[in-house]
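Asker: Here you go, one structure.
The values are calculated or read from the model by the stated rules, or taken from the named source; none is laboratory data. The structure presented is a predicted model; accordingly, all values stated were derived computationally and were not measured. Every residue, glycine as well, gets a Cβ built from its backbone with ideal geometry; the counts of neighbours run over all protein chains shown.
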Amino acid sequence: MELSADRVAGGGASCGGPASHVQKVPLRTCIGCGGKAAQGELVRLRVVEGQVVVDRERSGGRGAWLHAAERCLERAAKRRAFGRAFRSSGVQADARGLRDLLTGSARKD
Ligand SMILES: [Zn+2]
């Protein structure tokens, strides 16, 4: 199969998409890697009785956002980012339990 010469040679100036249309997606900061991402790419965490849990209902109140990635979870735990994010040094982050919640997508309910 040969390439014929009927390539569309119109315009030529438009590469990529129009950048003028900016979507208003609220960006959140991952407390693990510090990167910013849309809410849909992050998992919301909150504290219930001193324990960090995944807030699936997005129930409001103070929350923290984290990539559903083990790497970010570990970084957050090492940096004690949970205590900082929740303004409470007494916050307990069960890294193992959270990892299951984040990466295992536990469908127990
Ligand atoms: Zn991250």
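Asker: Report whether or not residue 36 is in contact with a Ser or Thr (Cβ under 9 Å, 6 or more places away or on another chain) and not hydroxyl-bearing (Ser, Thr, Tyr).
Answerer: yes
Asker: Let me ask something else. Given the residues 58, 46, which is the only one that is surrounded by 14 or more Cβ atoms within 10 Å (Cβ to Cβ), of a type in the set (Lys, Arg) and either modelled with pLDDT of 90 or more or out of contact with any Gly (no Cβ under 8 Å at 6 or more places or on another chain) (or both)?
Answerer: Matching residue, one of 58, 46: 46.
Asker: Sticking with this structure for a sec: Which residues, taken from region 80-101, are in contact (Cβ under 8 Å) with a residue 24 or more places away in the chain and charged (D, E, K, R)?
Answerer: Correct list: 84, 87, 94, 99.
Asker: List the pairs whose first member sits in region 53-66 and is closer than 17 Å to residue 41 by Cα, whose second member is assigned to a loop (DSSP other than H, G, I, E, B) and small (Gly, Ala, Ser), and whose Cβ atoms are under 8 Å apart, counting only residues at least 6 apart or on separate chains?
Answerer: Sorted first by the residue in region 53-66, then by its partner, the pairs are 55/63; 66/32.
Asker: Just to be sure I understand, how many residues within region 31-73 are part of a strand (DSSP E or B) and within 16 Å of the ligand (Cβ to nearest atom)?
Answerer: Residues that pass the stated criteria total 13.
Asker: Next question. In region 67-78, how many residues are under 17 Å from residue 51 (Cα atoms) and in contact (Cβ under 8 Å) with a residue 40 or more places away in the chain?
Answerer: 3
Asker: Same structure, new question: From the residues in region 1-30 that are surrounded by 10 or more Cβ atoms within 10 Å (Cβ to Cβ) and modelled with pLDDT of 85 or more, which one is farthest from the ligand (Cβ to nearest atom)?
Answerer: Applying the filter and picking the extreme gives 27.
Asker: So the check is Cβ under 9 Å with 6+ separation or different chains; which pairs have a first residue in region 25-42 that's closer than 9 Å to residue 65 by Cα and a second one that's assigned to a loop (DSSP other than H, G, I, E, B) and within 7 Å of the ligand (Cβ to nearest atom)?
Answerer: So the pair list comes out as 29/35; 30/69; 32/69.
Asker: Separate question: From the list 91, 48, 52, 43, which one is of a type in the set (Val, Ile, Thr), over 22 Å from residue 26 (Cβ atoms) and in contact with a strand residue (DSSP E or B) (Cβ under 6 Å, 6 or more places away or on another chain)?
Answerer: 91
Asker: Those residues that are out of contact with any Pro (no Cβ under 9 Å at 6 or more places or on another chain) and farther than 15 Å from residue 98 by Cβ, I need them from region 34-48; list them, please.
Answerer: Scanning region 34-48 gives 34, 35, 36, 37, 40, 41.
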